[in-house]
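FYI, it's all coordinate maths here, none of it is from the lab. What you see is a predicted model, and the numbers here were worked out from it, not measured in a lab. Counting neighbours? That spans all protein chains shown, and the Cβs are built from the backbone with ideal geometry, glycine included.
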Number of protein chains: 2
Amino acid sequence: MNIDESPAAPAGTGAGPRLTRKGRATRDRIVAAAANLMFERGVAGTSTDDVRIAAGVSTSQIYHYFADKCALVRAVIAHQTQAVLEAQEPLLGNLDSLEALRAWRDLVVGIQRERECQGGCPIGSMASELSEVDNLARADLVVGFARWETPIRQGLQAMRDRGELTADADPEHLALATLSALQGGLLLTQLRRETAPLEAALDAMLGHIASYATTPSPAAPA
Amino acid sequence: MNIDESPAAPAGTGAGPRLTRKGRATRDRIVAAAANLMFERGVAGTSTDDVRIAAGVSTSQIYHYFADKCALVRAVIAHQTQAVLEAQEPLLGNLDSLEALRAWRDLVVGIQRERECQGGCPIGSMASELSEVDNLARADLVVGFARWETPIRQGLQAMRDRGELTADADPEHLALATLSALQGGLLLTQLRRETAPLEAALDAMLGHIASYATTPSPAAPA
C-alpha cells in the first residue's frame, strides 16, 4: 500500500494506529478534507471518493487510516468539535460573568456574520443528520456537546458560588437551555441567512440568566 | 401511463395538476410515504425508488405527480409543516397567556416523549439537511417556520396589547427566540434521547417571557 505510516512511531492522539509525523499529517489532511465536504454537502452527500480527491490521497491511504466511512465520520466529529470549541476560546473557558456571556454571544454571532450565515453549526448539523442512522456517531456527538456545555455550566456555577447569581439559579438547567437556544438560533440563522434568530435566542437566554443576578448590571437588557 | 388523474377534475390544493379524488389520494399516499422515509433516513437517504415501493405505486405514477425529487421534497415540506402545526392545535392558535404557553410547552415535550425522543423536528431536520443544497426547499422552509412563528408572536402581541406584558416586551423578538429555543431543544433532545434539553430551553424562554408580565403569575417558575 502507498502509505506513510510506521507502526513503531509514537501515537498522535490515541485514535487509530501509531503514526509518524508524516502519517499524522496525511490523516489530518483526509479528516480536514472530509470535514469541509461534509460541512458543505452533508455526510450522505460526501463519498469517500470525494474525500480522496479533495485530500489528494489514494484509496488505499484512506482505508489505511479509516476502516470505513463510519470511522471517517467519527474522526470528523472529533475534528469539528475541537474546531468549534477552539473558535470560542478563550471566552468559552471564562464565562463567569454577564459581561463574559455577552462577549461570547457577540463572538458566536460574529462567526455567523463572517460565514454569511451559511453552513449552520458544524456539529449541530451532524447531530441532525446522524442521530437516527449512526449510533456510534450519535454517542460521539453527545460527548462533543457535553464538552461545549461544561464550560457554560462551570461559568454559571462560579457566578452562583460567588453569590453573583441567586441560589435558585440552576447552572445545569441554564447551561443546557443556553446551548439549546444557541443550536436553534444557529439552525434558523442558517435557514434564514440572517443572524436575527441567533441574536434573539441568545439575548433572551442572557436576559433570563441576568434575571438571577444579585446585583443589577448596567449593561443588562431592560 | 398507469395513472389515475383527470385533467378536467377540480383542483385539490392548487399544487400540481388538477386531480380527481383518486388522483389526489394517490398523490397524498406518495407524499406521506416520502415524508415517513425522509423523517427516518433523511432526504439524501431516501430515493424515489424507496418512495415508490413504500407507497405501492409505479415509477410513472411518481413522475406524473412530481417532476423530480426536488418537487417531491417540496411537497414533503408542505406536508410536514402542516402536520407539525396541526399537532400543536388548538393550543398554537391561542398562545395569549402564560398558562397557554405552559400548556403548549407540555404538549411539545409530550410529543417527544411519545416518540421516545426520536426523529427530531420533521421540518427542523429538513432545514438542517437542505439549507445549503436546495434553495427552493430552503425558501419553502422559511415560509413554513414563519407559519409556526406567527401564532407565537400573535399570542404575545395580544398579551402586550391587553397590558399583561410590559411595553418593552418585543413580541417579534420573543417569538423568534422561543422558536429558536424550541428547535435547539428538539435537536439536543433527539441527540440525547431525553427531553431534558427541550424542557430546559422552553422553561427558560417561558421564564423570560414571564419576567415581562405585569402581574405575577402563581404558576410562574421561581
Problem set entry | Within the protein assembly as shown, helix-based [θ] at 222 nm, where runs of 4 or more DSSP H residues each add -39,500 (n - 2.57), nearest 500 | -21500 deg cm²/dmol
Problem set entry | Candidate lysines for bridging to A:K22, where Cα separation is under 30 Å - those fewer than 8 sequence places away on the same chain excluded | A:K69
For this session: Quick one: with label points 7 Å out along Cα→Cβ, list the inter-copy distances for B:R113 in nm, shortest first?
Result: 4.3
Seminar exercise, completed: Lys and Arg at +1, Asp and Glu at -1: neighbours of B:Q154 with Cβ under 12 Å from its Cβ sum to -1
Exercise. Hey, for A:V133 with labels 7 Å out along Cα-Cβ, what do the inter-copy distances come to in nm, ordered shortest first?
Worked result: 0.8
For this session: DSSP loop (so not H, G, I, E, B), at most 14 other Cβ within 10 Å: list which chymotrypsin sites (Phe, Trp or Tyr not before Pro) in the range A:104-148 pass both filters.
Result: none
For this session: Count, for each residue of B:188-199, the Cβ atoms from other chains sitting within 10 Å of its Cβ, then give me the mean as a whole number.
Result: 5
For this session: Count charges around A:A34 for me, please; just the other residues with Cβ under 10 Å from its Cβ, Lys/Arg as +1, Asp/Glu as -1.
Result: +2
Seminar exercise, completed: All alpha-carbon distances of chain A, grouped into 10 Å bins from 0, give the whole-percent distribution 8, 29, 29, 20, 11, 3, 0
For this session: Write down, largest first, the equivalent ellipsoid semi-axes of the range B:53-102 in whole Å, where each equals the square root of 5 times an eigenvalue of the alpha-carbon gyration tensor.
Result: 36, 10, 6
Seminar exercise, completed: Rounded to two decimals, the Debye log10 I(q)/I(0) of the protein assembly as shown (Cα scatterers, no solvent) at q = 0.09, 0.11 Å⁻¹ is -0.63, -0.90
Exercise. How many Cβ atoms of partner chains, on average, are near each residue of A:168-181 if near means within 10 Å of its Cβ?
Worked result: 6
Exercise. With contacts defined as alpha carbon pairs under 8 Å and 6 or more residues apart, what's the relative contact order of the range B:76-210 in percent?
Worked result: 31 percent
For this session: Could you list the GluC sites (Glu not before Pro) in the range A:122-222 that lie in coil according to DSSP, counting only those with at most 16 other Cβ atoms within 10 Å of their Cβ?
Result: A:E194
For this session: Every other copy gets compared here: list the nm distances from the B:A71 label point (7 Å along Cα to Cβ) to its counterparts, shortest first, one decimal.
Result: 4.4
Problem set entry | Volume per residue that the Cα convex hull of the range B:21-67 spans, once the total is divided by residue count, Å³ | 60 Å³
Exercise. Per-residue HN-Hα couplings for the range B:172-177, Karplus 6.51 cos²θ - 1.76 cosθ + 1.60 at θ = phi - 60°, whole Hz, x for Gly and Pro?
Worked result: 5, 4, 5, 5, 5, 5
Exercise. When the Kirkwood radius is taken over all Cα pairs of the range A:131-222, what Stokes-Einstein diffusion coefficient follows at 4 °C and 1.567 mPa s, in µm²/s?
Worked result: 89 µm²/s
Problem set entry | Cut-off 10 Å between beta-carbons: net charge of the residues surrounding B:T214, Lys and Arg +1, Asp and Glu -1 | +1
Exercise. Near the amide H of B:L165, under 5 Å away, which other amide H atoms are found, from residues 5 or more places off or on another chain, if H is placed in the peptide plane?
Worked result: B:R160, B:T214
Exercise. Among B:L206, B:V76, B:G110, which residue has its Cα positioned farthest towards the positive end of the charge dipole of the range B:76-210, with +1 placed on the Cβ of Lys and Arg, -1 on the Cβ of Asp and Glu, and the dipole taken about the Cα centre?
Worked result: B:G110
